[in-house]
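Asker: Starting off with a structure, shown below.
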Amino acid sequence: MSLPSIASLISARRAQYDAVVIGAGPNGLAAAITLARAGRSVVVYEAAATVGGGTRTKELTLPGFAHDVCSAVHPLGIGSPFFLTLPLGEYGLEWIQPDSPLAHPLPDGAAVLLERSVAATAAGLDAADRAAYIALMAPLAADWPTLAAAFLGPLRPGMIAAGAQHPLMMARFGLRAIRSARNVAERLFRGERARALFAGMSAHSMLPLEQAPSAAFGLVLGASGHALGWPIPRGGSQRIADALAAYLRALGGEIVTDTPIRSLAELPPARAILCDVTPRQLLALAGDRLPEGYRRRLMRFRYGPGAYKIDLALDGPIPWAAPGAERAGTVHVGGPLAEVAAAERAVGRGEAPTAPFVLVAQQSRFDASRAPAGQHTVWAYCHVPNGYSDDGVMATRIEAQIERFAPGFRDRILARHIMPPAALERYNANYVGGDINGGLQDFAQLFTRPTVQFNPYATPNPGLYLCSSSTPPGGGVHGMCGYFAAQAALRGALAR
Ligand SMILES: Cc1cc2nc3c(=O)[nH]c(=O)nc-3n(C[C@H](O)[C@H](O)[C@H](O)COP(=O)(O)OP(=O)(O)OC[C@H]3O[C@@H](n4cnc5c(N)ncnc54)[C@H](O)[C@@H]3O)c2cc1C
């Protein structure tokens, strides 16, 4: 069946929708739910056979091994101010809290652990850094709702409001967040343990650690670990998408899968169209409906480094050398700050790191549904230059890094599945060149995505909105971009 005829079948069932959403990622689904809750009729078109975008779980290696294809660990999901308003538990979403959010093994054979308790985390650091760690993290963790409102809110207004309500905490946070991770780590901490811990969390920015605002990511991820934990969904990240989709259907929303939209002309009539895509795809879908100036600004949108992902089936758990690493859901593999920084600097220069910084999740240790009894899944990725390709070189380097901190690990591999940047982009068109955040998250583009404009969700075409992670607050499974885009549509094209 051709694509336009699918669309016309749907539109025959209902002559016109209030809104059409392109893309059933967490932001597309969040947008659709927001509209349906406001009483608007909405249909979501998804290119793939299943909903979820970056939140899907599949048997990528062997039968019985459930691998998170993209997202795995969800501090921003459990803490999302929007998700908190949804009855997702009633639709099958159950969070599992690993014993400790994060471990960061070091070459001396010990691991630094990010524990839920700030004091317990500090106790595992070098004595000289304990007080500094508590002074840094305790106020942020204690005031997490304010920080979340600022960081996951409509960034600029959210920051201003949070700053007005909690001036001291936000000023302290802001003064550090605008710096580079290396600057914050080296000024605040003397010992390798605290520096490595902060470096690993900050590397989630996918920026060189010498570049601002990489420290912001370390601060927010650290505080979220203390305040909320870094949970995984029982059964896999697919459960987040399935719960969002089931709730949307319960509200009367419709979802059509297996339907890649190539032009807005394929869509049924609607007063608003919300696109869970990145600027490059928006140009392809709707370029002819956008003025030249806006098109040029979208063309200047910058994508970030790529991810290089591997999933493994093991015949036992990862045999970490460092005691305690088995207690963590996430393990940062890359050694001391200097090594993590070197890996991320190489990516920033456009080179593939020889010793990459590897983000590992070991979900099956805490969720027996992920693998057959006694066997385990491994989820791992590292950062590479955008569009990087090879013949499995980085997969070997990722495995070598894990082996370095877990001797005997390689002998436990039963099967592997590799996704370099091109495979990620084939899997989900939003991962342009392997960029998993919908665009570079440097200083300028974190606050002004997709372009510099008052309402980042609206386009100059009335009724056309962008709702993906290419809008504030950016990457991660939190649905806030979709929620804010839908709010913009409700104030705009869908106002009654
Ligand atoms: C390897 C990897 C690891 C990650 N780890 C984490 C993590 O642990 N925690 C976390 O919070 N985040 C993580 N992320 C990031 C997270 O997955 C994304 O930030 C999030 O999914 C973005 O949501 P979105 O709705 O904006 O876009 P997406 O989830 O990318 O969804 C976009 C959807 O739109 C569909 N689509 C695109 N174009 C069209 C079209 N023309 N027609 C129809 N449908 C279309 C796509 O098929 C897709 O389903 C990870 C991502 C990757 C790849």
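Asker: Looking only at the range 347-360, how many residues end up being away from the ligand (no atom under 16 Å from the Cβ) and either under 20 Å from the mean Cα position of the chain (by Cα) or open to solvent by 10 Å² or more (accessible area, probe 1.4 Å) (or both)?
Answerer: Looking only at that region, the number is 7.
Asker: Counting just the residues of the range 13-47 that are surrounded by 22 or more Cβ atoms within 10 Å (Cβ to Cβ) and in a loop (DSSP other than H, G, I, E, B), which one comes out farthest from the ligand (Cβ to nearest atom)?
Answerer: Per the stated criteria, the residue is R40.
Asker: A further question on this structure: Under 6 Å by Cβ, and 6 or more places apart or on different chains, what pairs join a residue from the range 371-385 that is away from the ligand (no atom under 16 Å from the Cβ) with one that is open to solvent by less than 30 Å² (accessible area, probe 1.4 Å)?
Answerer: Pairs found: A371/F65; A371/S364; A371/T377; H376/L314; H376/S364.
Asker: Here is a list: T354, T396. Which entry is among the hydroxyl-bearing types (S, T, Y), in a helix (DSSP H, G or I) and out of contact with any Cys (no Cβ under 7 Å at 6 or more places or on another chain)?
Answerer: Working: T354 fails: in a helix (DSSP H, G or I).
The match here is T396.
Asker: Give the range 437-476 a look and list any residue that's away from the ligand (no atom under 12 Å from the Cβ), within 20 Å of R262 (Cβ to Cβ) and not in a loop (DSSP other than H, G, I, E, B), or say none.
Answerer: Residues satisfying the conditions are L464, Y465.
Asker: Follow-up. Starting from the range 427-451, keep only residues that are modelled with pLDDT under 95, then list their pairs with residues that are within 8 Å of the ligand (Cβ to nearest atom) and open to solvent by 10 Å² or more (accessible area, probe 1.4 Å) whose Cβ atoms are within a distance under 7 Å, requiring at least 6 positions of separation or different chains.
Answerer: Q441/G475
Asker: Give just the number: which of (1) in a strand (DSSP E or B); (2) open to solvent by 10 Å² or more (accessible area, probe 1.4 Å) does W320 not satisfy?
Answerer: Of the numbered conditions (1) in a strand (DSSP E or B); (2) open to solvent by 10 Å² or more (accessible area, probe 1.4 Å), the odd one out for W320 is (1).
Asker: When the range 405-424 is examined, which residues are found to be open to solvent by 40 Å² or more (accessible area, probe 1.4 Å), more than 16 Å from the ligand (Cβ to nearest atom) and in contact (Cβ under 8 Å) with a residue 60 or more places away in the chain?
Answerer: Scanning the range 405-424 gives P407, R412, L414.
Asker: Being hydrophobic (A, V, I, L, M, F, W, C), open to solvent by 10 Å² or more (accessible area, probe 1.4 Å) and more than 22 Å from the chain's Cα centre (by Cα), is that true of even one residue in the range 184-194?
Answerer: Among the residues of the range 184-194, at least one is hydrophobic (A, V, I, L, M, F, W, C), open to solvent by 10 Å² or more (accessible area, probe 1.4 Å) and more than 22 Å from the chain's Cα centre (by Cα), which makes the answer yes.
Asker: Does A493 satisfy the criteria of being open to solvent by 20 Å² or more (accessible area, probe 1.4 Å), in contact with a strand residue (DSSP E or B) (Cβ under 8 Å, 6 or more places away or on another chain) and outside any helix (DSSP H, G or I)? It would help to see each step written out before you state the result.
Answerer: Details: open to solvent by 20 Å² or more (accessible area, probe 1.4 Å): yes; in contact with a strand residue (DSSP E or B) (Cβ under 8 Å, 6 or more places away or on another chain): yes; outside any helix (DSSP H, G or I): yes.
Judged against the criteria, A493 is a match.
Asker: Further question on the same structure: Does any residue of the range 469-484 turn out to be open to solvent by 40 Å² or more (accessible area, probe 1.4 Å) and of a type in the set (A, V, I, L, M, F, W, C)?
Answerer: Within the range 469-484 (the criterion being open to solvent by 40 Å² or more (accessible area, probe 1.4 Å) and of a type in the set (A, V, I, L, M, F, W, C)), the answer is no, since none of the residues qualifies.
Asker: Within the range 302-325, is even one residue in contact (Cβ under 8 Å) with a residue 12 or more places away in the chain, basic (K, R) and within 16 Å of the ligand (Cβ to nearest atom)?
Answerer: Yes, there is a match, as at least one residue in the range 302-325 is in contact (Cβ under 8 Å) with a residue 12 or more places away in the chain, basic (K, R) and within 16 Å of the ligand (Cβ to nearest atom).
Asker: Restrict the check to the range 426-436 and report whether at least one residue is part of a strand (DSSP E or B) and under 27 Å from V20 (Cβ atoms).
Answerer: The answer is no, given that none of the residues of the range 426-436 is part of a strand (DSSP E or B) and under 27 Å from V20 (Cβ atoms).
Asker: Taking the range 274-287 as the search range and keeping residues that are among the aliphatic types (A, V, I, L, M) and open to solvent by less than 30 Å² (accessible area, probe 1.4 Å), which one is nearest to the ligand (Cβ to nearest atom)? Spell out the reasoning first.
Answerer: From the range 274-287, those among the aliphatic types (A, V, I, L, M) are 274, 277, 282-286; that's our starting set.
Then keep just the ones that are open to solvent by less than 30 Å² (accessible area, probe 1.4 Å); that gives 274, 277, 282, 285-286.
On the way: L274: 11, V277: 5, L282: 10, L285: 6, A286: 11 Å.
Going through the qualifying residues, I end up with V277.
Asker: Check off (1) open to solvent by less than 30 Å² (accessible area, probe 1.4 Å); (2) touching an Asp or Glu at 6+ places or on another chain (Cβ under 9 Å); (3) farther than 26 Å from G52 by Cβ; (4) not aromatic (F, W, Y) for R271 and give me the number that stays unchecked.
Answerer: Condition (1) is where R271 drops out.
The values are calculated or read from the model by the stated rules, or taken from the named source; none is laboratory data. The structure displayed is predicted, hence computed values, not measured ones. Glycine also receives a Cβ, built like all others from the backbone with ideal geometry; neighbour counts cover every protein chain displayed. With ligands, DNA and RNA removed, areas are computed over all heavy atoms of the protein, side chains included. Shrake-Rupley method; radii C 1.70, N 1.55, O 1.52, S 1.80 Å.
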